[in-house]
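Here the structure comes first, spelled out in structure tokens, and everything after it is commentary.
The values are calculated or read from the model by the stated rules, or taken from the named source; none is laboratory data. Small disclaimer: the values here were computed from a predicted structure and weren't measured. Using ideal geometry, Cβ is built from the backbone for each residue, glycine included, and neighbour counts are taken over all protein chains shown. Each accessible area value is taken on the protein alone, full model and side chains, heavy atoms only, with ligands, DNA and RNA left out. Shrake-Rupley method; radii C 1.70, N 1.55, O 1.52, S 1.80 Å.
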Amino acid sequence: MKIIHTADWHLGKSLKNQSLIDDQDYILKEFLKVVDAEKPDAVIIAGDVYDRSIPPVDAVNLFDEIIFKIIERKIPVLCISGNHDSAARLNFGSRLFERSNFFIETLPNENPKTVILNDNFGEIYFSLIPFFEPVEMQDKISAEKIDADAANKFYISEARKNVPAGKRSVAVAHLFVTGGAVSESERKFVGAVENVSAANFSAYNYTALGHLHKPQTMKKNDYIVRYSGSLLKYSFDEANYDKGVTLVEIGGGETSYQHINLIPRRDVRVVEGTIEELRKSPRTEDYIHANLTDKNHVLNAMEKLRNDAFPNILSIKFTAIERELETSGALELREDISVLEQFADFFEHETGEKLQGEYRSTMENFLRDIGLRIKD
């Protein structure tokens, strides 16, 4: 059986207040090209369909369009909710959708949802394990407070009761497996109570995970536990990640997988250099964060870079100045000096230059206009 494992679509997300809905529309059309090329027997969406519990209308419409196109191709879709989704809202119509082979599970229940698909070697059992808080399993396990590992271990054991001995099986879950590499764009949980051991999934041939945005495999010897990663780069610390989907093949005995890159409409990149160096860069529509190495602040730096090279620049950082401030220590305040001299001290601390010439006369005039003394 051939399966495409994907997760963390985060439809409706923004990057530095820049809406990504057009980029998501583009990448999902690229995803459909992969579906057409590979002709999978099933598509998995392992949670975080939306970026927030009440998604914008255009995000809902985009999800509706893509699911319709997959189902139109007679390919079953297995979907769970993630920590960003509203379980109740995403659950709407789930029983009706099953008639079209769209299987969605958003709420844990007494009998964990199991979907059975067939290939030339027989049945494969899919356990759909939506995101849930440990407290939702509390009364079923212990009177003492439990963590995510204990809660998921219990729920997985309940799901395994629906899988006959010796049958091939796949788990679909949305959680944080201990040891996973995190990114800035993921919603963080508090402390270490969210950690779930990969060993909890050891009975499955393949575990399709969502939540972490970097494609990564947590266990790949006797069993495979893998994050497909998000479809797009959702923060600048993900700039060096290859984003896409995972193609899984389950035979009669062996399970294999491979990452398939998806090329976005606009990349997310970090560039570095002085303002003049970067202004000479080839013009690009990519989303840019610039690390500026100038030793002095540059007036209207963002606007200059936007006009000359990076129309979609979203943020900048004066890295050289920040490093110098970190090593130079805090500004030592002098008492019994004028406001002008206090500002001069601050100016020198921030820029490394004396306050003089036009800058000094401008500040003198400003202080005089507001009635403050400019001399001791």
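For M218, what accessible surface area do you get with a 1.4 Å probe? Give it in Å², rounded to 10.
Ignoring ligands and nucleic acids, M218 comes out at about 50 Å².
Compute the long axis of helix 148-160 from its Cα atoms, compare it with the longest principal axis of the Cα atoms of the chain, and write down the angle in degrees, 0 to 90, nearest 10.
Approximately 20 degrees, to the nearest 10.
What angle do you read, to the nearest 10 degrees and between 0 and 90, between the alpha-carbon axis of helix 319-328 and the longest principal axis of the chain?
That helix lies at roughly 70 degrees to the long axis.
Is it possible to state the helix-based mean residue ellipticity at 222 nm for the chain, with each DSSP H run of 4+ residues giving -39500 (n - 2.57), the sum divided by total residues, to the nearest 500 deg cm²/dmol? What is it? Intermediate results must be reported in sequence, preceding the final value.
Working: 11 runs with 108 residues, N = 376.
Counting only the DSSP helices, I get -8500 deg cm²/dmol.
How much FRET efficiency would the formula 1/(1 + (r/R0)^6) give for N118 and I21, where r is the Cβ-Cβ distance and R0 is 41 Å, rounded to 0.05? Mind showing how you got there, number by number?
On the way: r = 37 Å, r/R0 = 0.90.
Efficiency, rounded to the nearest 0.05: 0.65.
Between Q138 and D286, with labels modelled 7 Å along Cα→Cβ, what's the label distance in nm to one decimal, could you check?
4.8 nm
Please identify the GluC sites (Glu not before Pro) of segment 116-174 that satisfy two criteria: DSSP loop assignment and at most 14 other Cβ atoms within 10 Å. Which are they? Can you show the working numbers first?
Values: sites: E123, E136, E144, E158; in loops: E144.
Answer in residue order: E144.
Given an 8 Å cut-off on Cα distances and at least 6 residues of separation, report the relative contact order of the chain as a percent. Could the numbers behind the result be given before it?
Numbers: 746 pairs, mean separation 48.8, N = 376.
So the answer I get is 13 percent.
Leaving out ligands and nucleic acids, and using a 1.4 Å probe, what accessible area per residue does the chain come to in Å²?
On the way: 18880 Å² over 376 residues.
The answer is 50 Å² per residue.
Toward the positive end of the charge dipole of segment 24-181, about the Cα centre and with charges on Cβ (Lys, Arg +1; Asp, Glu -1), which of V60, P112, G82 goes farthest?
P112
Give me the accessible area of S197, 1.4 Å probe, in Å² rounded to the nearest 10.
Number for this one is 40 Å².
Counting only protein heavy atoms and using a 1.4 Å probe, what share of the accessible area of segment 1-112 belongs to carbon plus sulfur, as a whole percent? Let's see the in-between values first.
Numbers: 2450 of 4940 Å².
Looking at segment 1-112 in its full context, I get 50 percent from C and S.
Using a probe of 1.4 angstrom, how much of the accessible area of segment 135-214 is carbon and sulfur, in percent?
Numbers: 1960 of 3660 Å².
Within segment 135-214, the accessible surface is 54 percent carbon and sulfur.
Could the peptides 238-250, 73-85, 56-68 be put in order, highest first, of the mean number of other beta-carbon atoms found within 10 Å of their residues? Walk me through the intermediate numbers first.
Numbers: 238-250: 19.7, 73-85: 21.9, 56-68: 16.0.
Most protected by this proxy first, the peptides run 73-85, 238-250, 56-68.
If R₀ is 35 angstrom, what is the calculated FRET efficiency for the pair A165 and R89, using the beta carbon separation as r and rounding to 0.05? Spell out each step's value before the answer.
On the way: r = 37 Å, r/R0 = 1.06.
Computed FRET efficiency for A165 and R89: 0.40.
So what's the angle, to the nearest 10 degrees on a 0 to 90 scale, between helix 357-369 and the longest Cα principal axis of the chain?
Tilt of helix 357-369: around 90 degrees.
Where nothing but the Cβ of Lys and Arg (+1) and of Asp and Glu (-1) is charged, how large is the charge dipole of the chain around its Cα centre, in debye to the nearest 20?
1360 debye
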